[in-house]
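In what follows, a single structure is set out as structure tokens and then discussed.
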């Protein structure tokens, strides 16, 4: 998104980028949690509360820029990496894989099995 072209200070200073990031995050929650109204409402409430809490940060400040970058990263992870499933009986689940879901081959997926990653590691990873 905008982080490739603007510095964190420029991002935080640009109101239109902040609003676009907020809308982008809300769209990502809609994609990730389609059909699960309780989770969708809770995720949008959390996004609203987070943006409202940071509303008073200094324009052009480092914290504001980091907040926008974080929100953009969360939106990307929600859109590409979060897949919901419904139990269809026993140990079987029907996964809601959509057009935005990142697909990896089995060998790549096996590298990550059982490993815990930080948000920064996931965001910085290139597959």
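The values are calculated or read from the model by the stated rules, or taken from the named source; none is laboratory data. Model, not experiment: these values are computed from the prediction. Glycine gets a Cβ as well: all are built from the backbone with ideal geometry, and neighbour counts include every protein chain shown.
Here's the yes/no breakdown for (1) part of a helix (DSSP H, G or I); (2) at pLDDT below 90:
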| position | (1), (2) |
| --- | --- |
| 6 | no, yes |
| 21 | yes, no |
| 24 | yes, no |
| 27 | yes, no |
| 65 | yes, yes |
| 87 | no, yes |
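Provide a single number: the residues in the stretch 41-61 that are at pLDDT 90 or above and either buried (at least 17 other Cβ atoms within 10 Å of the Cβ) or in contact with a strand residue (DSSP E or B) (Cβ under 6 Å, 6 or more places away or on another chain) (or both).
Qualifying residue count, the stretch 41-61: 3.
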